[in-house]
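Here the structure comes first, spelled out in structure tokens, and everything after it is commentary.
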Amino acid sequence: MSKELPPPVPRLTVITLGVSDIRASIAFYDTLGFSRRLKATGEAVAFYDTGGPVFALFHWDQLAADAALPDKPRPTTFRGITLAWNCATREEVDAVLAFAVDKGAALLKAAHETDYGGYSGYFADPDGHPWEVVVAPGIEVGEDRRVHLAE
């Protein structure tokens with residue numbers, strides 16, 4: 001007779017981006033102000049503290065191999081995922097977008113009023129990973145850098 005195991009506690013702990021040039025990507029995310037941790041990993045993998053889930057950079061081909069997926073052809077279109085940088089004000093959205101572009105990001109979409117009462121725009125990192133920079137009703141980022149959702 002087998003005993004049913006209790007369900008595990010769901011959690012999102014690490015978001016890893018595959019990158020072409022890890023040195024350039026580390027420099028890009030460092031200039032955006034993300035706090036790199038575990039620097040002993042050198043250029044094999046880079047981990048960043050975000051106040052919540054860890055953000056990591058890993059060589060594109062090695063990440064694909066680790067997940068048992070082909071690394072070619074590399075997608076040049078939307079990959080079905082975006083990352084978000086939530087802000088407290090519309091002015092902060094504008095400032096983050098301008099800062100990211102100044103540090104080497106590509107502006108994908110200028111900041112604009114959204115249909116849900118927010119304000120957002122998009123930039124892409126050097127590997128084309130899209131980031132939404134947004135202020136949205138019901139989503140706040142506290143002094144602890146953690147996202148707080150309205151009930």
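Data table
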read-out	value
Most mobile of LYS39, LYS103, LYS72 in a GNM of the chain (Cα contacts under 10 Å)	LYS72
Counted charge near PHE28, where neighbours are those whose Cβ lies closer than 15 Å (Asp, Glu -1; Lys, Arg +1)	-3
Peptides ranked, highest mean first, by Cβ atoms within 10 Å: ranges 108-120, 128-140	128-140, 108-120
Cα centre as origin, Lys/Arg/Asp/Glu Cβ charges: the chain dipole, Debye	480
Net +/- balance of residues flanking PRO130 in space, Cβ distance below 12 Å, scoring K and R +1, D and E -1	-1
Net lengthening on full extension, ILE139/ILE15 (0.36 nm per residue, minus Cα-Cα)	42.6 nm
Gained length - THR41 relative to GLU151, 0.36 nm times residue gap less alpha-carbon distance	35.7 nm
Accessible surface of the chain, 1.4 Å probe, proportion on carbon and sulfur as whole %	58
Label-to-label distance, nm, for residues given as THR89 and LEU5 (7 Å Cα→Cβ offset)	5.0
The range 1-89, relative contact order in percent, only Cα pairs under 8 angstrom and at least six apart counted	27
Rounded FRET efficiency, nearest 0.05, which uses the C-beta distance separating ASP49 from ASP115 and R0 of 35 Å	0.55
Percent breakdown of C-alpha pair distances by 5 Å bin, ordered from the shortest bin, for the range 22-78	4, 17, 23, 22, 19, 12, 3
Beta bridge orientation in the chain: antiparallel %, DSSP, nearest 5	70
Interchain or long-range residues, amide H under 5 Å from ILE15's placed H	VAL54, PHE55, ALA56
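The values are calculated or read from the model by the stated rules, or taken from the named source; none is laboratory data. All values derive from a computational prediction rather than experimental measurement. In this analysis, Cβ positions are derived from the backbone assuming ideal geometry, glycine residues included, and neighbour counts consider all displayed protein chains. Ligands, DNA and RNA are stripped out before the accessible areas are found, and what is left, the full protein with its side chains, is counted by its heavy atoms. Shrake-Rupley method; radii C 1.70, N 1.55, O 1.52, S 1.80 Å.
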